[in-house]
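Engineer: Questions regarding the structure given below will be posed in turn.
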Amino acid sequence: MTSLPGRFGIGDLGPYAYQFADFLFASGQKLWQVLPLNPTGYGDSPYQCFSAFAGNPLLLSLERLREQGLLKKSDLDMAQLPPFLEASVDYGPVIKFRMAILRRAAQTFLADGSRADRVAFDRFCESTSSWLDDYALFMACKDAHHGAIWTSWEPRISKRNAQGVSEWSRKLAPELKAHKYWQFEFFRQWEHLKTYCRQREIRFMGDVPMYVAHDSADVWAHPELYYLDEQGRPTIVSGVPPDYYSATGQLWGNPIYRWDLLAANGYQWWIERFRASLALFDLVRLDHFRGLESYWEVPASESTAIHGRWAKGPGGGFLSALQDAFGELPIVAENLGVITPPVEELREQFGLPGMSLLQFAFGSDPQGPSFRPHNYSRDLIAYTGGHDNDTTVGWWSSSGVGDSTRTPEDIRKEHGVARAYLNFHDDYEINWVMMRAVLASVADVAIAPLQDVLGLGSAARMNRPGTASGNWKWRYRPGALSGELSARLRSLVALYGRQEGRTVISDPGS
């Protein structure tokens, strides 16, 4: 959602979100996939969030707050704003400006909100108290400690001593109410957008990261569910071994779950997490699905993911618990990377669709042929590329210089295979060639990242795995979604019979 245009430095739930929904509707699209919507922490990554349950207050529409009378026109006067960038997010100035504005809105609401709104707010706080109380206290304490990680806080609150929790809750009561209000408003604005999309037969596909950030309300409130030392620091952390994206693997650094304790409690924390996610979305992508079968754990002292080991995940017991709670699981299994037969057996046992990325189809990876459309099955989500990949135009234009996993010779061979397979000779509009290939396939769902729809190069890439900064910044420019572009998408939807059920997805930012 941060990739939408808008006046205030970052995409949000304001007018451009509705314009994007209108574009999808006019283009014959049925499903809008988004990255995680939780409040971002380290590196501004939606996979390193302060909560697995809360919404990101940076996504609140300031225009809607103005319409509600919670902000004044002068609050949004462009003359007072930093010189925000149009094509990317500069998170530092954006956070400083937005949070100051949001505090004014919270103060106005809490002091002068209508009776109906205050009743709705109290009802929201009560219904979400299982996570909201911890989240609000965590964020208020984090602000009081100048953003420091929770393990460095004053001991009585870092270790959640009962007296310390009581004292800090009382001392920070106004701040707690502000954080709770922002959550109330986030979910209200999201529901409004979701209803707007539903009226146009557009569903939302969300994203559930496998792991949570160490510096989060989740770990602070439930340290017993993770492998931590006495000071609350992780002893083993998450990642993946060397792969397509990185020769040294990816060291994510998230704490590892104590799956034995989660299992003993019937996976209640996870069930509540999925219940919260399914209240937002019609279906979700379960990131790093292979971690349910086996996951790569790395000693916290390591600087790369090379020296780790595979450990057994919770497997079918976990998915059975979710199935008992929700019935048929509206889950897409992210089964990319080092995938073994047991991982696929687990996915098939529960009837979960997997994923295929066309960019992976033509290289030297032994699994490459499985990503070619003639090998697709119907219960598959077929992508041109994903948020961890370069854009299709950038991928095709790469020379291999500085690439740790592909040499220039590798790329020449890859291009040769792609030209032969896709039967094209002119590099012009490689993005449309790739989109047409996934659209023409038997896969029930075909997904095109918006950067590919727009034909953008590497400058529009969303994430570079293995790098800790400079990611998650891309935004598309106002006016980029033309009527001509919409008509072209709609014609392909009709050509390949995807008007009903079988769907094209356009994702800003993915």
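Engineer: Helix 483-495 sits at what angle to the longest principal axis of the chain, using alpha carbons and giving 0 to 90 degrees rounded to 10?
Structural biologist: Value to nearest ten degrees: 60.
Engineer: A further question on this structure: Within the chain, what percent of beta bridges assigned by DSSP are antiparallel, to the nearest 5?
Structural biologist: On the way: 15 of 38 bridges.
Around 40 percent of the beta bridges assigned by DSSP in the chain are antiparallel ones.
Engineer: Among Lys473, Lys72, Lys180, rank each residue by its count of other Cβ atoms within 10 Å, from fewest to most, as a rough exposure measure. If you can, show how the numbers build up before the last one.
Structural biologist: On the way: Lys473 21, Lys72 11, Lys180 25.
Result, fewest neighbours first: Lys72, Lys473, Lys180.
Engineer: In segment 356-426, which trypsin sites (Lys or Arg not before Pro) fall in coil by DSSP and have 12 or fewer other Cβ atoms within 10 Å? Don't jump to the answer; show the numbers that get you there.
Structural biologist: Details: sites: Arg378, Arg406, Arg412, Lys413, Arg419; in loops: Arg378, Arg406.
Sites meeting the loop and neighbour criteria: Arg378.
Engineer: Right, another one. Please arrange Tyr196, Tyr135 by counting, for each residue, the other beta carbons lying within 10 Å of its beta carbon, fewest first.
Structural biologist: Tyr196, Tyr135
Engineer: Order by neighbour count: Met434, Met99, Met78, fewest other Cβ atoms within 10 Å first, most last.
Structural biologist: Numbers: Met434 25, Met99 14, Met78 8.
Listing Met434, Met99, Met78 from fewest to most nearby Cβ atoms yields Met78, Met99, Met434.
Engineer: Report which label in [x] 21.6, 64; [y] 30.1, 94; [z] 22.8, 71 holds the value of Rg and Dmax of the Cα atoms in Å derived from the coordinates of this structure.
Structural biologist: [z]
Engineer: Please tell me which of these pairs span more than 24 angstrom C-alpha to C-alpha: Lys96/Lys177; Lys30/Lys473; Lys72/Lys473?
Structural biologist: Values: Lys96/Lys177 19 Å; Lys30/Lys473 26 Å; Lys72/Lys473 28 Å.
From Lys96/Lys177; Lys30/Lys473; Lys72/Lys473, over 24 Å: Lys30/Lys473; Lys72/Lys473.
Engineer: I would also like to ask the following. Enter the angle in degrees (range 0 to 90, nearest 10) between the Cα long axis of helix 408-422 and the first principal axis of the Cα atoms of the chain, meaning the one along which they spread out most.
Structural biologist: That helix lies at roughly 70 degrees to the long axis.
Engineer: I would also like to ask the following. For helix 15-26, what angle does its Cα long axis make with the longest principal axis of the chain, in degrees from 0 to 90 and rounded to 10?
Structural biologist: 30
Engineer: To the nearest 500 deg cm²/dmol, what mean residue ellipticity at 222 nm is calculated for the chain from DSSP H runs of n ≥ 4 alone, each contributing -39,500 (n - 2.57), summed and divided by the residues?
Structural biologist: Numbers: 18 runs with 202 residues, N = 510.
Calculated mean residue ellipticity at 222 nm is -12000 deg cm²/dmol.
Engineer: In square nanometres, what is the average projected area of the Cα convex hull of segment 40-200?
Structural biologist: Numbers: hull surface 45.2 nm².
Convex hull of Cα atoms, orientation-averaged projection: 11.3 nm².
Values quoted throughout were computed directly from the atomic coordinates according to the rules given, and no laboratory measurement underlies them. Nothing here was measured: the structure is a model prediction, and the numbers come from that model. No Cβ is skipped: glycine too gets one built from the backbone with ideal geometry, and neighbour counts run over all protein chains shown.
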